[in-house]
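Below is one structure; the comments refer to it alone.
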Amino acid sequence: MDRQEIIASLNTRPPTVLILGGGINGIGTFRDLALNGIDVLLIDQADFCSGASAASSHMAHGGIRYLENGEFRLVREAVRERNRLIENAPHLVKPLATTIPIFKIFSGLLNAPFKFLGLLEKPSERGALVIKIGLIFYDAFTRSQKTVPFHRLVGRKKTLAEFPDMDPDIRYAATYYDGSILSPERLSIELLLDGEAEGEHARALNYFSVRGVEGNCIQLRDELSGLEYEVSPRLVINATGPWIDLANLRLGLKTHYIGGTKGSHLVLDNPALSKAIAGHEIFFENKDGRIVLIFPLGDKVLIGTSDLSFEDPEAATCSPAEVDYFIGMVQRVFPGIKVEPSQIIFRFSGVRPLAYTQAKIAGQITRDHHIHEDLIERLPVLSLVGGKWTTFRAFAEQVTDKVFSLLDFSRTAGTHNLPIGGGGNYPTGSEDTRKWLENLEKETGLPTRQLETLFNRYGTRSRLVCAHLAAGKDTRLVSNPDFSQREILYLVQNEKVVHLDDLLLRRTLLAFLGGLSLPLIVELADISGSFLGWDDGRKQKEINQTLAILAQKHGVKF
Ligand SMILES: Cc1cc2nc3c(=O)[nH]c(=O)nc-3n(C[C@H](O)[C@H](O)[C@H](O)COP(=O)(O)OP(=O)(O)OC[C@H]3O[C@@H](n4cnc5c(N)ncnc54)[C@H](O)[C@@H]3O)c2cc1C
């Protein structure tokens, strides 16, 4: 169903479950409920995956440092989910060698006991021994799965041979494996479309918000037309992440579940740094225990992240102080590499929906997830607090099971080994991939290079994209020949694009990897508008709005 059909169906087919929020936790739960045949409606007041889920450090990880907080259950769950993500979405989640440069040997051994006794003001820098112990646990949690190799710890000489630009004062380096989520935004939309593909009982609307409640009736508003609607679900799931308490307030519930922290990132075009990290994520800490990561993104580099107490998710932007801090941190590990502000091609920021606590150090607030249950008269409202991108599937499963127990349904299907989007029927190994692409070439007659590009972008969903390309006259974009007109049209028609920035920021990596120019933005507005029925005035409004978002939120100016 398209947007108008879904809206029209709200009267004739009321949803059993209403999910507020289309970040990864709402979408994960949507897919699980849809898979089990539940009538479910998901709404997001903005675009899907535009909140905390779009601000992540792109790591599918267990979170080795949470071991120090004694969070063994969380880390075990997260490394298992990391492995599942690599297996279920191999087109977008790849194993990632992660290296920790180590400058001390015994330091940090007392962090865990002090934390346990409530005496830890500031963790001290972790030395080789603490890191080694952590990595032994980390490997042990998934020893049987063997999805990624085990860790290794090497001395100064071997480290500098592999990373010649690293600070020569280094004593050791530990390398272990996590996962890299190339595009959290694409992974989310593909997961959402998988949910909708289960049938007309599963419906999702972006730019649709909750206004209020009357009895068991929830009032909704179409943010495009301004029209209001009512639905009477049997259960509401509040998956609005850092907005949870605000959304609950609209439902008449006064809660204080969230104590968010802001995290920012930079994307840099710095070939020397990109070469120096040699395809590894470099994961280290500042002298005060704050975590820094330098993360490979093709020929670009991502740097993050901060962890600062912060309330208003709408107001989160990367501040000049954060930029200075990140640049300084690169110097700590790669002192010879110059980073200039002019090399920043994109910045982004978001608020982690962490559980409210009195903890003094933001980095030590638990990243675990839990469900809070409230009632509006007799209507249950489940608020999904906390959680990591990595653990969304497990969290969604727990929420879905809770819904089943409250509504007296039973589970008919699970998501453990369920592929996501273009990860379905994904060829294993280069020979299989070659054959898969050869078949696609026979089916569509498209050139091999283009097929490879589309396969890298969309995994096996590229079969759908290619069929669309082959079904009509297609031309490469004038301002970026790496994309074609029909590819863009495919995304606009099939992936719930409403505004131009949905396409630039979330259906493609164009903005994120610094691939935009003013002529390209205009070209993309023309193509999108041709399908979405934008007149010249609307087109200009979309362009202006996109330029404002790029400048204010991402520091991208033309
Ligand atoms: C800086 C940072 C770095 C991170 N790094 C990692 C990492 O590397 N790995 C990892 O595993 N995790 C990471 N995380 C954590 C992870 O990204 C989040 O925990 C997760 O994305 C939260 O998802 P969510 O669905 O709960 O919330 P969100 O993604 O914020 O989704 C909530 C949605 O609700 C919508 N909404 C708000 N109010 C309403 C309303 N009234 N009605 C309808 N919709 C509404 C919003 O528009 C939004 O889309 C990071 C988080 C941050 C902020």
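Assorted remarks:
- Loop trypsin sites (Lys or Arg not before Pro), region 174-277 (other Cβ atoms within 10 Å of the site Cβ: 15 or fewer; DSSP): Lys254
- Accessible surface of the chain [probe 1.4 Å, protein heavy atoms]: carbon and sulfur percent: 53 percent
- Once the chain from Thr475 to Ser410 is taken as fully extended at 0.36 nm per residue, the excess over their C-alpha distance is 18.4 nm.
- When the listed pairs Lys275/Lys553; Lys94/Lys553; Lys94/Lys146; Lys435/Lys473; Lys158/Lys338 are checked against a 18 Å cut-off, the alpha-carbon distance exceeds it for Lys275/Lys553; Lys94/Lys553; Lys435/Lys473; Lys158/Lys338.
- Linear extension gain, Cys217 paired with Lys104, 0.36 nm per residue minus alpha-carbon span: 34.7 nm
- Residue (of Pro335, Ser188, Pro427) at the positive-pole extreme of the chain, dipole from beta-carbon charges: Pro335
- Straightening the chain between Asp312 and Phe137 buys 59.3 nm, computed as 0.36 nm per residue apart minus the Cα-Cα spacing.
- Relative contact order (percent, whole number), the chain, Cα cutoff 8 Å, 6+ residue spacing: 18 percent
- Alpha-carbon Debye profile of region 6-116, log10 I(q)/I(0) at 0.14, 0.16 Å⁻¹: -0.81, -0.96
- Per-pair calculated FRET efficiency, R0 = 41 Å: Ser517 and Ala278 via Cβ, rounded to 0.05: 0.85
- Near Leu509, once Lys and Arg are set to +1 and Asp and Glu to -1 for all other residues with Cβ below 12 Å from its Cβ, the sum equals +3.
- Note, ³J(HN,Hα) from phi for region 395-403, Karplus 6.51, -1.76, 1.60, rounded to Hz, x at Gly and Pro: 4, 4, 5, 5, 5, 4, 4, 5, 4
- Working from Cα pairs under 8 Å separated by at least six residues, relative contact order for region 345-448 is 15 percent.
- Stokes-Einstein D for the chain, Kirkwood Rh over Cα pairs, 20 °C, 1.002 mPa s (µm²/s): 88 µm²/s
- Set of region 191-207 residues, backbone N closer than 19 Å to the point 7 Å along the Cα-Cβ line of Ala8: 199-206
- Counted by Cβ distance under 10 Å from Pro14, the other residues give a net charge of 0, where Lys and Arg count +1 and Asp and Glu count -1.
- Amide N proximity, region 244-280 versus Ala321 label position 7 Å along Cα-to-Cβ, cut-off under 19 Å: 260-266
- Built amide H within the under 5 Å cut-off of Ser484, gap 5+: Leu477
- Accessible area in square angstrom per residue, the chain, 1.4 angstrom probe: 41 Å²
The values are calculated or read from the model by the stated rules, or taken from the named source; none is laboratory data. In this text the structure is predicted, and so the values were computed from the model without any measurement. Every residue, glycine among them, receives a Cβ derived from its backbone with ideal geometry; neighbour counts consider all protein chains shown. Side chains are part of the model used for accessible areas, which takes the heavy atoms of the whole protein and leaves out ligands, DNA and RNA. Shrake-Rupley method; radii C 1.70, N 1.55, O 1.52, S 1.80 Å.
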